[in-house]
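The block underneath contains the structure these notes are about, expressed in structure tokens.
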Amino acid sequence: MIEQNLLDGDNSIYADASGRVVPVVTKNGQEDRNTTQSGDCIRVSGVSIQHTPATKIWFGEVSNEPGYRSLPHHHGEAETGGRVLKGKGRIYFGEGYQDYLDMVEGDWVFVPPYMPHVEANMSTTEELVWITTRTPENIVVNLEDVPDEQLEGYRRA
């Protein structure tokens, strides 16, 4: 019945305690920081089921300090999109994480469901920050770690 209600324009499932359906603003500093993490890749949620009425989206900021990276991981059934706001990133993927794509400020990325990958900050002096959205939510499945030396061109700060 909920699906039909949504098709009819019934947003009542998003109503607040008073019964009103209103936009929800997550104020700076009030983001959810109890989201699943992956090694040195820090995720902060701005829109998610943890603190908004959202049921089909996770939207947040992901950051890596200089010279840090995530653990190998995938996002289960979730489709993931991101945009680099600051810094130089690299996504390792494929057999033994031998393939990679580099990204700089302004670049966008799509990571398909169930694709194992490592997100790395390629700078040893500047932070890497990106915004990320995921549907249906922030699914993070951490995998067995790999030595830094296995990731071509990667170095810690």
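Residue 106 passes every criterion in (1) free of Cβ contacts under 8 Å to residues at least 24 places away in the same chain; (2) open to solvent by 30 Å² or more (accessible area, probe 1.4 Å) apart from (2).
Reported count of residues in the range 109-131, each being among the aromatic types (Phe, Trp, Tyr) and either within 13 Å of residue 70 (Cβ to Cβ) or crowded, with 16+ Cβ neighbours inside 10 Å (or both), is 1. One residue is enough: does the range 18-35 have a residue meeting the conditions modelled with pLDDT under 80, in a strand (DSSP E or B) and not hydrophobic (A, V, I, L, M, F, W, C)? Yes, the range 18-35 has at least one match. The single residue among 149, 95, 105 that is under 20 Å from residue 59 (Cα atoms) and among the acidic types (Asp, Glu) turns out to be 105. Once the range 37-96 is narrowed to residues that are assigned to a loop (DSSP other than H, G, I, E, B), of a type in the set (A, V, I, L, M) and open to solvent by less than 50 Å² (accessible area, probe 1.4 Å), the residue that is farthest from residue 136 (Cα to Cα) is 71.
Taking the criterion of being touching a Lys or Arg at 6+ places or on another chain (Cβ under 8 Å), part of a loop (DSSP other than H, G, I, E, B) and more than 15 Å from residue 88 (Cβ to Cβ), would at least one residue in the range 148-156 satisfy it?
No; the residues of the range 148-156 include none that is touching a Lys or Arg at 6+ places or on another chain (Cβ under 8 Å), part of a loop (DSSP other than H, G, I, E, B) and more than 15 Å from residue 88 (Cβ to Cβ).
The values are calculated or read from the model by the stated rules, or taken from the named source; none is laboratory data. Computed from a prediction, not measured in an experiment: that's the story for all the values here. In this analysis, Cβ positions are derived from the backbone assuming ideal geometry, glycine residues included, and neighbour counts consider all displayed protein chains. The accessibility values were calculated without ligands, DNA or RNA, using every heavy atom of the protein model including side chains. Shrake-Rupley method; radii C 1.70, N 1.55, O 1.52, S 1.80 Å.
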